[in-house]
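Peer 1: Quick one: this structure, given as structure tokens, is what I'll be asking you about.
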Amino acid sequence: MSDSPVPAYDPKPSLKYASAIGLQAGAVGVFVSAIQNALGTHSNGAMGFVTRTGGTIALFAGMGATFALTESIVANQRRKDDPLNGAAGACAAGFLAGIRARSIPMALGGCVVLGTTMGVFDYSGQLSGEPGVTQEERRRRFFKQPSQKSSTEATE
């Protein structure tokens, strides 16, 4: 194994995280529903994005909240922050999308596809950087820092 110390796990507030992500996903759902309404032919007027394609808003919000809640619950139970958490959350969200289509095979397929995609995405993100290095540490390494020698010479 590696010699680097394992960082302590910081528990995630599940409901706060799920509600925030659910609201953000719902906002994306409003946008998608408005686009569907604008491109469709109907006589519902501008409110058609709620009355005719409003199910899209609920699906997006539900999938976002389900993803976030499942991800944080799995992370809190395992006390680890790794790609498996995101894969479990995406699997739950994909299953929800399949259930909306009223198809168990589609639900299982959505679970596999979204879970695998998110797991690989999270895994590759952890491989691309140095483990345990924060954004602030990377920023400090990237930008030049004034040397101590030049700052002491300037004061003399």
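Peer 1: All but one of (1) exposed (fewer than 15 other Cβ atoms within 10 Å of the Cβ); (2) modelled with pLDDT of 80 or more; (3) part of a helix (DSSP H, G or I); (4) not polar (S, T, N, Q) hold for Ala87; which doesn't?
Peer 2: Failed condition: (1).
Peer 1: What number of residues within the stretch 114-135 are at pLDDT 80 or above and out of contact with any helix residue (DSSP H, G or I) (no Cβ under 6 Å at 6 or more places or on another chain)?
Peer 2: The total comes to 5.
Peer 1: Among the residues of the stretch 93-104, which ones are open to solvent by 30 Å² or more (accessible area, probe 1.4 Å) and in contact (Cβ under 8 Å) with a residue 12 or more places away in the chain?
Peer 2: Phe95, Leu96, Ala97, Arg100
Peer 1: Further question: Could you list all residues from the stretch 32-46 that are at pLDDT below 80, within 23 Å of Arg100 (Cα to Cα) and outside any loop (DSSP other than H, G, I, E, B)?
Peer 2: none
Peer 1: Ok, one more. Do we have any residue at all in the stretch 47-70 that's outside any helix (DSSP H, G or I) and surrounded by fewer than 16 Cβ atoms within 10 Å (Cβ to Cβ)?
Peer 2: So far as the stretch 47-70 goes, no, none of its residues is outside any helix (DSSP H, G or I) and surrounded by fewer than 16 Cβ atoms within 10 Å (Cβ to Cβ).
The values are calculated or read from the model by the stated rules, or taken from the named source; none is laboratory data. From a predicted model like this one, the values you see are computed outputs, not experimental measurements. Cβ sites come from the backbone with ideal geometry, for glycine too, and all protein chains shown count toward neighbours. The area values use the complete protein model at the heavy-atom level, side chains included, leaving out ligands, DNA and RNA. Shrake-Rupley method; radii C 1.70, N 1.55, O 1.52, S 1.80 Å.
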